[in-house]
Amino acid sequence: MISAVQTICGAGPRRVAASIFCLLSVTACGPTTPSAFDTRFTLAPGQTETIPGASTRVTFVAVISDSRCPANANCVTAGEAVVRIDVWTDGHSSTHELHTGNMQPAKPADLTIELVEVAPYPFSSTAIDPAAYRVTLHVTR
């Protein structure tokens, strides 16, 4: 390719190489799009995860209600757990509630945050200490 350019333009190899480098540099400076990512993590109440590749932090605030049918019971309805998270992205904060009942994700900015699991699962004979909860979240862009 360089010899063809030299023949057409009458330029030396260094000049051709410099021209090609400059053209490639200019075309590489187009608008950038945020990098895609797909990450899953588990948090305890009050714990924060920083999302690599995004200016984002997610904090599990608390389980604000848990009406899931205990594992050792027969229930008419399944119930649900409701989880509150705080999200800081690009200098803006937002609070979201994620429900196990409908599994609708939170969509702050260009992210999707899905609730994967709330643990432990309730048993009728044991109350769950709020500090014992763990949530698994799945974050994508």
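Only the coordinates and a few stated rules stand behind these numbers; no lab work does. All figures in this text were calculated on a predicted structure; none of them were measured in a lab. Counting neighbours? That spans all protein chains shown, and the Cβs are built from the backbone with ideal geometry, glycine included.
Brief remarks follow.
- Cut-off 13 Å (backbone N to label point 7 Å along Cα→Cβ of residue 69), residues of segment 111-141: none
- Using the Cβ-Cβ distance between residue 94 and residue 127 with R0 set to 22 Å, the FRET efficiency from 1/(1 + (r/R0)^6) comes to roughly 0.10.
- For segment 109-126 and segment 93-108, distance of Cα centres in Å: 11 Å
- Extension gain from residue 110 to residue 41, taking 0.36 nm per residue of separation minus the Cα-Cα distance: 23.0 nm
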